[in-house]
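Read the structure below first, then the notes.
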Amino acid sequence: MRTSSRQRIYNSRIPKMLHRRSLWHEAWVLAVLSLLGTFAGASEWQAPAAQLARKIAAVTGPGAVSLSVENRSSLTRASCDEVQRRLMTELGGMGVHFVEADQAAATVQVTLSENRQSYVWVAEIRQGAGEPSVVMTYTPRLIGPDAARAQTPFVIKKTLLWSDANRILDVALVSGNPQHMILLEAEDVVLYSQQGGHWQLDQSLPIVHLKPWPRDLRGRLVLEKDHLFDASLPGVFCRSSNAAPLAISCRPSDDPWPLATEPYHLNGFFASSRNFFTGVLSPGVQKQTALATFYSAAPLPRDKYTVWIFATVDGQVHLLDGVTDQTLGKLGWGSDLAAVKSNCGSGWQILASSNGNGPGDAVKAFEFPDREPVAASLPVDFSGNITALWTQPDGNDVIAVSQNSESGAYEANLLSIACSQ
């Protein structure tokens, strides 16, 4: 049983088309926009908006058009609104007027996306029952202060949960009254309950293993429905009982480790003598059951499927969608990444570690408007190297474990995303 000398550091968890207008009103709006454009002069969006407008008008011709603009890039709302205004102005000068979809001869859906070098604006044009036409234009990414604001619309909130001289491998928070916290350490699973705003020790359960641990030890802690938790360690699997006082049973095992929890279920086989996954997946991403050896993985949900993102041992980042294995190259990310659900942007972001400006690592949030990551937050720095980054079961938070480079203590922090705009 742990004694009261264990250091306790705790902060409270952070809670969790245009509109219908008459034709005369559209004409008036376009006239005002044109006049404002004349006085204001060109902006950085005028040239690409004019280019895209010419391509759209070449397909639709003059007449009644329904226009909608969707922003899937890191542009601010103000910049997106300006792009839409300039598109309307340019198209209006080419004889296009704007109506609702049920009154339009053509519907135009413009998507503002981007890659690492350029903004990519795509217009899908539908006329009648035929196949849609697609036109697009490119413009270089912003530089300067507006770009910094556009690319960092979110804030990573960091809350210290626990600091300990013992090595922390993973942490799980259990909802309830009181709330509980489970620490997976090298030799024990330790349970705490929240009492009076502090964590109080409940139980310490020893981990039985016959072989010595590898030097760079990793572990995974997963909450379960029919019992409290499972713990995966190199060559060892432990399962808790389902009634208090808790007990755990541990056995030698080469079973795969869970890379994420339901509904994004995927397991990976861990190299028990090393600190990475072998690349063999179970059950696989649809028909894809293997890739290069990797350190960590995270799901990125889409409307109809899930893309899995892997940080491989060679420093590359891979995207698996069940059909293709796309390599994004070396993005400067570290070995740890995790997915987090938020009310910002697309609703899901990827948190990736990297080298920080100080003595330790940093974590930054990224959006994936298409298949290229776009920075969505400023980095949050850590006082040492990050040793684990795991998503909590609800998806809203990520546990980040690091080792303080000065004190040597292990620190467990809770990370979540807040919208800054």
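Tabulated values for the structure
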{"item": "Among Leu228, Leu414, Asn275 - extreme Cα towards positive end, dipole of the stretch 154-419, charges at beta-carbon", "result": "Asn275"}
{"item": "Centre separation in Å (Cα based) which lies between the stretch 381-400 and the stretch 192-258", "result": "18"}
{"item": "Computed helical MRE - 222 nm, the chain, DSSP H runs ≥ 4 contributing -39500 (n - 2.57), nearest 500", "result": "-4500 deg cm²/dmol"}
{"item": "Unpaired by the 4.7 Å Cβ criterion, cysteines found in the chain", "result": "Cys80"}
{"item": "Anchor Lys304: lysines whose Cα lies under 19 Å away (excluding residues fewer than 8 positions away in-chain)", "result": "Lys287, Lys341"}
{"item": "Nitroxide proxy distance, nm - points 7 Å out along Cα→Cβ at Glu70 and Thr159", "result": "3.4"}
{"item": "For the stretch 140-270, size of Cβ-based charge dipole, Lys and Arg +1, Asp and Glu -1, in debye", "result": "440"}
{"item": "Sequence-distant aspartates and glutamates (8 or more away, or on other chains) whose Cα lies within less than 16 Å of Lys330", "result": "Asp314, Glu372"}
{"item": "Magnitude of the charge dipole, the chain, Cβ model with Lys/Arg +1 and Asp/Glu -1, debye to 20", "result": "200"}
{"item": "Simple label model, 7 Å out from Cα along Cβ direction - Ala247 to Asp226, nm", "result": "1.9"}
{"item": "Loop-resident sites, the stretch 363-421, for GluC sites (Glu not before Pro), counting at most 12 other Cβ within 10 Å (DSSP)", "result": "Glu406"}
{"item": "Dipole axis of the chain (+1 Lys, Arg; -1 Asp, Glu on Cβ), positive-most option in Ser383, Thr60, Tyr295", "result": "Ser383"}
{"item": "Debye, to nearest 20: dipole size of the stretch 265-366, +1 on Lys, Arg Cβ, -1 on Asp, Glu Cβ", "result": "140"}
{"item": "Stokes-Einstein translational diffusion, the stretch 154-419 - Kirkwood Rh over all Cα pairs, 1.567 mPa s, 4 °C, in µm²/s", "result": "69"}
{"item": "Charge dipole of the chain about the Cα centre (unit charges at C-beta), most positive-ward option of Pro252, Asn166, Val313", "result": "Asn166"}
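Here, each number is a calculation from the coordinates, and none is a lab measurement. Just so we're clear, the structure is a prediction, and the values are computed from it rather than from any experiment. Note that each Cβ is placed from the backbone with ideal geometry, even for glycine, and that neighbours are counted across all protein chains shown.
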